[in-house]
Amino acid sequence: MNQAVFNSSVTMGQAQHKMDTVSDNMANLDTHGYKRRDTSFADLMFQQVNNQRVGPYEEGRETPEGIRRGSGAGVAQTAIRMEQGALQETGRTWDLALTEPDYFFEVAAGDDGSRRFTRDGAFYLSPDPANEGVNFLVDGNGENVLNADGEPVEVPATAEDGMMQVNAFGEVLQLGPDGEETVVEQLNTVNITRPQLLESTGENLLQFPDLAELELDEADVLEETAGAEVIQPEALEQSNVDMGQQMSDMIAAQRHYQLNASALNMTDQMRSMIANLR
C-alpha cells in the first residue's frame, strides 16, 4: 500500500517538472533566438518481490517467478533543441540573426568569470562614459557584446546614421563619403559542439558548467569561429517554440498528473477502508 503512495507522489512531482518546462517554453514564444527544451522520462528503480506459491500450484505455471515492482517515473533529461528558428527581416542595422544552428554570439563574462553566449541578435549602442567618441555594442540587457579578441565591441560615436553596417562575416563596417568600407570591429561567434551541456543563466543567456569537474577543456565543447559567414544582417531569429506542440505536451502532462493524483486518492480511500475494518 505504501508503495502505491510512493509511485504516485514521485510521478506527480516529475510531471510537474514537465509542466514547468513547457510553461517556460510557452512564455518565451516571442523571445528572439530562444531554444526550447524538451523533457523525457524513464522508469525509476524496480524491485523484485518473490511471492511464488508452493505446492500443487507450481505444476504447469507459465508466469515468471516473482513480481517486478516499480517506483514510478522520473525525468531522464531536459534537452535543449537547437533547430533553427524563422528569420524576420527588420531593416535595422544592429539586428543580427545567426543562420546556422549551434552558433552563438558572445557577451561579457558573468560574475564568476564564465563565458556567456546568446543567439538573440537584437543589439543596441550604449555610450562609453569615459570616451564621448565611442559607443559600446550591447544586448537588450546592457551586456557588452564581445569582439574576436574577447573585448567589448566599440563603434565610433561620430559615425552618421546609415554610415555603419555589419556584413555576413560579422565585420562592423564604417562607410566613407565615397562609399569605401573600413572594418572597425569583428564580432565574435562560436560554434558550440556540445550544446546539451549549456545551462541557462536567465535573460536568454547560456554558459557552460565547471568544465574541470567534467574533465573537459573549452576545445572539447566549442570552436572559435569569428569571421564565419553565419550572420544575416538586419534580421532577427525567432524562437523555435511551436505553440501547438507545447499545448499538446501541456495537456498530456496534466493528464499524467491527474491520473497519478487519482491513484493516490484511491490508495488513501483503500487505507481508510482497511483502518475502519480493523
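Restricting to segment 142-172, name every residue that is in contact with a Pro (Cβ under 6 Å, 6 or more places away or on another chain) and surrounded by 19 or more Cβ atoms within 10 Å (Cβ to Cβ).
Val166
Could you pull out every one of the strands (runs of 3 or more DSSP E) wholly within segment 84-136 that has 1 or more residues that are in contact (Cβ under 8 Å) with a residue 24 or more places away in the chain and crowded, with 19+ Cβ neighbours inside 10 Å?
So the answer is 96-98, 103-107, 116-118.
Condition (residue is touching a Lys or Arg at 6+ places or on another chain (Cβ under 8 Å) and either of a type in the set (A, V, I, L, M, F, W, C) or farther than 26 Å from Ala15 by Cβ (or both)) applied to segment 238-254: is it met by at least one residue?
yes
In segment 141-151, what residues are assigned to a loop (DSSP other than H, G, I, E, B) and either without any contact (Cβ under 8 Å) to a residue 12 or more places away in the chain or out of contact with any Asp or Glu (no Cβ under 7 Å at 6 or more places or on another chain) (or both)?
Once the filter is applied, which keeps residues that are assigned to a loop (DSSP other than H, G, I, E, B) and either without any contact (Cβ under 8 Å) to a residue 12 or more places away in the chain or out of contact with any Asp or Glu (no Cβ under 7 Å at 6 or more places or on another chain) (or both), segment 141-151 yields Gly142, Glu143, Ala148, Asp149, Gly150, Glu151.
Is there a residue being touching a residue at least 60 places away in the same chain (Cβ under 8 Å) and among the acidic types (Asp, Glu) anywhere in segment 177-197?
no
Just for segment 215-236: of the residues that are touching a strand residue (DSSP E or B) at 6+ places or on another chain (Cβ under 7 Å) and outside any loop (DSSP other than H, G, I, E, B), which one is farthest from Met164 (Cα to Cα)?
Once the filter is applied, the top-ranked residue is Leu222.
Given the residues Thr31, Thr39, which is the only one that is more than 27 Å from Ala235 (Cα to Cα) and either assigned to a helix (DSSP H, G or I) or among the hydroxyl-bearing types (Ser, Thr, Tyr) (or both)?
Of Thr31, Thr39, the one residue that is more than 27 Å from Ala235 (Cα to Cα) and either assigned to a helix (DSSP H, G or I) or among the hydroxyl-bearing types (Ser, Thr, Tyr) (or both) is Thr39.
Scanning for something outside the structural domain of Ala15 (by TED's automatic domain parsing) and closer than 30 Å to Ala253 by Cα, does segment 138-149 turn up at least one residue?
no
Hand me the list of strands (runs of 3 or more DSSP E) wholly inside segment 152-214 holding 2 or more residues that are in contact with a Phe, Trp or Tyr (Cβ under 8 Å, 6 or more places away or on another chain) and β-branched (Val, Ile, Thr).
Correct list: 189-192.
The values are calculated or read from the model by the stated rules, or taken from the named source; none is laboratory data. Nothing here was measured: the structure is a model prediction, and the numbers come from that model. So basically every Cβ, Gly included, is an ideal-geometry build from the backbone, and we count neighbours across all protein chains shown.
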